[in-house]
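> Please see the structure below; I have some questions.
Only the coordinates and a few stated rules stand behind these numbers; no lab work does. Worth saying up front: this structure is predicted, and the values here are computed from it rather than measured. Neighbour counts are summed over all protein chains in view; Cβ atoms, including those assigned to glycine, are modelled from backbone coordinates with ideal geometry.
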């Protein structure tokens, strides 16, 4: 597995650092400049994320495209842009299957969320591999990254999906308990941690994929701490409040 | 697909083994199911006996005229002296305004401070340490120490469950409400039992209520005037209180009420949000102190002779206590101990001290004396009723509290001619006489209730205790008769004076009545309020044991499976882990009440997750199956229906969408639309019929009875559409047709279903070859399973109502998708064998999740008002507990338990058909056993977690509102599943 390494460790580290930094910047800007949070200004924050993070991901991953001889930089960017809506559709479908609300009220948020998820998952492989069926299959079906480039693309994607799933799971909890509110605080510190972890991964690609994946899941999870909130907020803003409002409404109608 | 690579010699040895084992192993395979069923029943029986306390509500009411039946009527001088006091002279209520007892107070002001801890009211020197929240209600303490004869603080003991609703019920009925009060109000909160408020309204007392809107829910029609405020928002400390304050003081100056109830909620809410030791709590208490001060001021100002509150009793009380965290619901001392403050505005004479201070004075303050009595909340209803002079609530088992009775001035007046016969005029003696005669009525009323209860209730009281109670009763009433006879004889001229021992005679009488009443209360508490932790623990242990047995039998069957096909089994470990993970998180989620509320959505979330995982697994092979995508789309449909079901639940009506369309007034232009909506289910039904026909006719092996079953089903569907058309009133039908459609069509459907079932059972027991002429066991199994399903489906369909066909379509499509799973077959191809569900439990899990989803999809949810009562009356007009019970059970468990469990064979069949290989015959049944076992295990595991959760949360606020109904539903579901698995195994093997 160590044999073919198309991308050097510093390069991979820089790539991840850049991506993570952009997320951090978004977070900082949203928090401090606009004092937005995902709960109060869901679509605005998501839009900001999209605007800052999207171009960086497309740009950076296009740089590490695989078939450099046949494919120019702009070609890779175009591939990434093409992959964006397709991926968003798939993500939106998945979100709706898992319980995201549908309706005009939620349309904007769901769209933003799916686009962002698409940037996390679909756009990198689209930039790097294009429409090569074999590569996509290797990355997404087998869960076995063979080269460091594969890991670079697939592990964050898996991390995002699993993180999003885990984020969706505790939605029915009643959010009155204080420990649940601490989700957001953990998010910031972990984004920093995650940048360090990524360097390890790319350097020590020889580790068995299970170990990496577990660590990567954790990373992805942390990476997605903000995203966990996205899922909660975007897909089920009214669900979160459900346990609190639900009983009362029943009471009112009886009375 | 490569065929099975079996070595020839192995195959030979197998077939001989198999023929030997076939007949014997049928019972060997069925036996574990029965063992598990027995274990589960035992566990559930034990746990339920310990956890769910039941009490039957009686629908009898007390009336003024009932008193003539009691042995307590003292003949008044207006009556013939010779008339027996046991006799049937007319009630005296009209003559002198006296009903059961002589009214002692004219007006009553009850101020309820929700979750009032005992130490909020009692002075801090009663406790070891002074805490910040103590001594805040100073006005009450001051009154209790300054006006010791007319006001008093009590430690009031509530009975668990200490939730507001149950407590209000307990306070007003004078009983001990349990979780399951079997009665007419099953599900609805309004109290139908006899209660204090009913008696007040019935006897011309005007009741004014303000505060917590729970009162209005409990007593929708009883108040003259009410100012309810919503109590749901726990974070809102002030709305209710401000509303009460706004109305309380002005109302005190009005004379158009007799009983005023003001219910403050602030302390309860402050406790829930901030805890007891917090600034908002102290602020609330200080606020109450000011209000109470004003109230007392107003009352005292108006207490002069002839004024508004000349003879008013003020009661300030809590309905229950709370822990330091603000929780309540359970039975710990903090939750149970609340306080009651009573102040009478008509001072009793000085000897009151002998009654009050004799037994109950606790502590001395430096200088001043302050006394605290004890008061059982159980006694509240009867004490208030006796003071107001109204009949005691029928189901009350309390005793008139002597101290509270003594506080009011009028109970000291000699009012009874009979008292003169005793020749005693001391105020104490006349008080005692009054009290004894009230106690006599009280005792008689309690005895009447206990007698009727033990005759009519579902679960009676222990016979031995009843006998003991009877002995006490006859002793008490016997000595009362003696006294009365004595008194009468003295009137008849013998002129015996018994002054020397009147007090002691009466005291003895009071004691003997008290013994009886205390005995009854003890018996009732034992039967109705205490969890039996021992039984619960045993039940839980048996349940855990049954899980072990379950796992063991799965292992055994797995070993049996291995004997057919030796293979190394590590390839599917990821799938098994996934399944275990999904089951585990679903089960663990029941520890949280919000997950129980959202169970339907969580199940569909997990179902969707499993669908996505399927997609991922199948993309491994490079091709995405249509079924996987269809399954996801189906999941979306299920999800939306569940959500709309939840919104229906919130609205509180269980009518279907079509119904709500029809019921609202829509313009005429919509009538076509409505007609179309009415036709929609029939359209879906016809699709269903075609589908069923195709499925059945595809089975070419099935010769005999095939047409009988097909025709039966089609007939049922036609009858169903007739029924719906007639019900919807879109066609003007004749009276006979209407009658036929409404009553006979459903009944014919039920009987066809029953006929099918009986026929199947008979033909299987008498001659299996008759109905299943084929030798191939896979096809034979398919035939039996199909006929089994067709026997049940039409009944379940019609009970589901108009949504039925849609549900059936979703169910069939979902089942089809699950059975067609590509990667299920993939495992077979990889290992070259039909591995059975043990290596691939995913379809079984999906099957079970789909069943859970269908339960919610069909508009059920896990509370008693989630039962679809309307379904029980399809085809029947009148209520019959057996008929309607069966129909309701079939409706509740039909689509979520009966159909899924009985159609499990299709999982195995399809797998055997997909793999297109020749398997040894026994393997089919081993796989079927595995599928049944795993399905049962999934259900049993989640139920076990529910039981554990209920055990842990038995003191939780929502235990009676949420956890207990969930427990009941889960446990019944588990039993139904077990029974169905047993029945299925008997039919299918």
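> Averaged over its residues, how many other protein chain Cβ atoms are within 10 Å of peptide B:611-620's Cβ atoms?
Values: counts 3, 6, 0, 0, 2, 4, 1, 1, 5, 5.
Counting Cβ atoms of other protein chains within 10 Å of each residue's Cβ and averaging gives 3.
> Right, something else. Would you list B:217, B:562 from fewest to most Cβ contacts within 10 Å?
Values: B:217 19, B:562 13.
Final ranking by Cβ density, sparse to dense: B:562, B:217.
> Inside 10 Å of the C-beta atoms of B:597-610, what's the mean count of C-beta atoms belonging to other chains?
Details: counts 6, 9, 1, 0, 7, 4, 0, 3, 8, 2, 2, 6, 6, 0.
Rounded to a whole number, the mean comes out at 4.
> In what order do B:861, A:36 fall by count of nearby beta-carbon atoms within 10 Å, going from fewest to most?
Fewest-to-most Cβ neighbours within 10 Å comes out as A:36, B:861.
> Considering the zone a paramagnetic label at residue A:131 would reach in this model (a point 7 Å from Cα along the Cα-to-Cβ line), which residues of region A:57-78 have amide N under 13 Å from it?
Hits in region A:57-78 for residue A:131 at 13 Å: none.
> Could I have the simple spin-label model distance between residue B:238 and residue B:224, label points 7 Å from Cα toward Cβ, reported in nm to one decimal?
Label at residue B:238, label at residue B:224, 3.2 nm between them.
> Compute the orientation-averaged projected area for region B:782-823 from the convex hull of its Cα atoms and round it to one decimal in nm². Could you put the intermediate results ahead of the total?
Numbers: hull surface 13.1 nm².
The number I arrive at for region B:782-823 is 3.3 nm².
> Measuring from label point to label point, each 7 Å out along Cα→Cβ, what is the residue B:290 to residue B:482 span in nm?
Simple spin-label model gives 6.1 nm for this pair.
> What FRET efficiency do you get for residue B:142 and residue B:508 if R0 is 51 Å and r is their Cβ-Cβ distance, rounded to the nearest 0.05? Mind showing how you got there, number by number?
Details: r = 38 Å, r/R0 = 0.74.
Efficiency for this residue pair is about 0.85.
> What average count of beta carbons from other chains do you get within 10 Å of the Cβ of residues in B:213-226?
Numbers: counts 4, 2, 1, 2, 3, 0, 0, 2, 0, 0, 0, 0, 0, 0.
That works out to 1 on average.
> What ranking do B:399, B:410, B:639 get, fewest neighbouring Cβ atoms within 10 angstrom at the top? List each step's numbers first, then the result.
Working: B:399 23, B:410 17, B:639 26.
The most exposed by this proxy come first: B:410, B:399, B:639.
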